[in-house]
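The structure appears right after this line, and notes come after that.
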Amino acid sequence: VKVVGVIGIVGGTGPQGRGLALRLRESGHHVLIGSRDAERAQVVVAALPAPVAAEPGRIVGVDNARAAREGEVVIVATPWDGFEAIGAACADALAGKLVICCANPLRFDGDGPMPVRLPEGSAAELLQHHLPAAVVVGGFQNVSAITLGRLSETLEGDVLLCGDDEHAVARAADVVRAVGDLRPLHAGPLRMSAVAEDLTALLISVNRRYRSHAGVALTGVEPFVGGDAA
Ligand SMILES: NC(=O)c1ccc[n+]([C@@H]2O[C@H](COP(=O)([O-])OP(=O)(O)OC[C@H]3O[C@@H](n4cnc5c(N)ncnc54)[C@H](OP(=O)(O)O)[C@@H]3O)[C@@H](O)[C@H]2O)c1
């Protein structure tokens with residue numbers, strides 16, 4: 001169901017940005033895949049698989065500044081250590097807009113993945129620091145790019161949304177509903193993003209052991225109409 005307008009994905013050329021773009025296209029949305037280099041974005045878009053949906057939206061490759069400017073809602077899909085550069089390139093264009101942060105600050109050693117502790121608390125709070133006039137909501141951290149990209153497969157599970165602005169979280173919930181059959185859950189203020197981000201290290205650990213693509217699905221919660229993320 002088409003629920004939101006044009007969606008910009010800053011740093012959308014990686015697996016996560018591409019996967020989100022493909023799913024949003026399936027639900028009829030127009031998506032701008034942003035890159036530091038517009039030509040690179042165009043090459044990435046040209047290589048995307050054909051849509052499965054009968055009436056798909058369109059995906060266009062642009063530079064990050066344009067994705068930020070023309071996106072009505074913007075997803076930042078770069079690694080967390082790119083946020084300073086993203087702030088410099090996009091902060092003005094993102095003033096007053098909903099920005100969804102899906103970054104997981106992780107490191108890997110011989111024992112597997114571990115969260116990286118950021119002084120700001122979470123990647124989402126770091127992004128908010130670099131985009132002071134935007135309204136940042138954490139989400140999609142626990143949805144694997146591989147699962148997103150498999151368009152012929154049903155995509156189910158919960159997306160934990162963390163944000164300080166109720167209206168912004170509700171809008172982010174509309175974006176989640178436009179990505180496969182994912183269910184949005186309001187999981188608390190922006191600072192709770194740290195927990196969602198850490199959870200990804202645990203999921204990767206599980207997935208390595210079981211050779212799986214497990215995501216998050218909470219039991220025993222049925223959002224009521226008019227409820228938090230509704
Ligand atoms: N991969 C997954 O399964 C997954 C799942 C959940 C969440 N995430 C999170 O989603 C984000 C994207 O993941 P990904 O695997 O797609 O990452 P990625 O491929 O490493 O990076 C995505 C894009 O970010 C841009 N970028 C990289 N470094 C940058 C910098 N220093 N400054 C500005 N732009 C930079 C690059 O685009 P250009 O070179 O075209 O500018 C790159 O193609 C990450 O924060 C990750 O933690 C990933």
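The values are calculated or read from the model by the stated rules, or taken from the named source; none is laboratory data. Just so we're clear, the structure is a prediction, and the values are computed from it rather than from any experiment. FYI the Cβ positions are ideal-geometry reconstructions off the backbone, even for glycines, and counts take in every protein chain you see. Surface accessibility is based on the protein's heavy atoms, side chains included, excluding ligands, DNA and RNA. Shrake-Rupley method; radii C 1.70, N 1.55, O 1.52, S 1.80 Å.
From the phi of every residue in segment 129-140, what ³J(HN,Hα) in whole Hz does the Karplus formula 6.51 cos²θ - 1.76 cosθ + 1.60 yield, where θ is phi - 60° and glycine or proline is x?
In residue order, the calculated couplings are 4, 7, 10, x, 9, 8, 10, 8, 10, x, x, 6 Hz.
Which whole-angstrom value gives the distance between the alpha carbon centres of segment 97-137 and segment 182-214?
If you average the Cα positions of each part, the centres end up 13 Å apart.
With a 10 Å radius around each residue's Cβ, average the other Cβ atoms per peptide and rank 206-219, 144-157, highest first.
144-157, 206-219
For SER205 and ALA133, compute 0.36 nm times the residue count separating them, minus their Cα-Cα distance, and round to one decimal in nm.
Answer, rounded to one decimal: 22.3 nm.
Accessible area per residue, 1.4 Å probe, Å², for the chain: what's the number?
Accessible surface, normalised per residue, equals 48 Å².
As a test of the definition: which semi-axes, in Å, follow for the chain when you take the square root of five times each eigenvalue of its alpha carbon gyration tensor? Largest first, please.
Ellipsoid semi-axes (Å, largest first): 23, 21, 19.
Ranked highest first by average number of other Cβ atoms within 10 Å, how do 128-135, 4-11 line up?
Result, highest mean Cβ count within 10 Å first: 4-11, 128-135.
Determine the share of the chain's accessible area contributed by carbon and sulfur atoms, expressed in whole percent, with a 1.4 angstrom probe.
52
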